[in-house]
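Only the coordinates and a few stated rules stand behind these numbers; no lab work does. What you see is a predicted model, and the numbers here were worked out from it, not measured in a lab. Note that each Cβ is placed from the backbone with ideal geometry, even for glycine, and that neighbours are counted across all protein chains shown.
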Amino acid sequence: MDRIFLNPIQVKEMKRKVNLNEITAKEPLKVKTEIQPSVMNLPKEEISRSSPFKVEIEIQKKPAGYQVKGHISGEVELTCSRCLKKFKHHVDQDFDYKILPTSEIAGGEIKGSDLDIKFSDETVLDLAEVVEEQILLNLPVKPVCSDECKEVHYTEWTEESGSKEVDKRWEKLKEFKNKLKKE
């Protein structure tokens, strides 16, 4: 997708919610803003922290619904699935999808061709929700801090001690791994 280069005269700055009823077929709405982490509902178990996200968006009215194109950029802090260290993951993503009214769902079924379509009867588009959705769609399934990360920690929580202890079931595997290193 081509990047959207917005003309500063046509751009509404620092807007978070867009009234879709104000958009005409002749003139798309272009918004350039920054969404703060405090207004997003990012899952804390996956994302420790987040920077503010810059968003450029163009919304165009279509005969049925709207075409939404844009770009987001910012950083989230994730936990490495191998070594459990925190690391920054940069999100720099273009997006392009349609918003159609739910009455457009043919026969109550959503087809594979409908995957770039969001069905909604809402008249207000919250840009924080758009950014949230794009961040979640672009997170790695298994976050890894670097390609070189090979370390895996196996720990088990014990309520009696109130601390983490090495799971003894992995001792044989650790011994086997050390034996291989020596050879």
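Some observations on this one:
- Cβ-Cβ FRET estimate between Ile117 and Glu148, R0 fixed at 45 Å, reported to 0.05: 0.65
- Shape annotation for region 11-148: C-alpha extents along the principal axes are 51, 38, 22 Å, from largest to smallest.
- Near the amide H of Lys85, within less than 5 Å, lie the amide hydrogens of Cys80, all on another chain or at least 5 residues away, with H placed in the peptide plane.
- Between Trp170 and Glu77, the distance separating the two model label sites (each 7 Å from Cα on the Cα→Cβ line) works out to 2.3 nm.
- Here the residues Glu171, Glu58, Glu34, ranked from fewest to most Cβ neighbours within 10 Å of their Cβ, fall in the order Glu171, Glu34, Glu58.
- Other residues whose C-beta falls under 14 angstrom from the C-beta of Glu45 contribute a net charge of +1, scoring Lys and Arg +1 and Asp and Glu -1.
- Working note: Karplus 6.51/-1.76/1.60 with θ = phi - 60° gives region 67-75 the couplings 9, 10, 10, x, 8, 10, 8, x, 10 Hz, where Gly and Pro are set to x.
- Annotation: amide H of Ile117 within the under-5 Å range of Lys98, sequence separation 5 or more or interchain, hydrogens built in the peptide plane.
- Fully extended contour minus Cα-Cα distance, from Gln67 to Lys181, at 0.36 nm per residue: 35.4 nm
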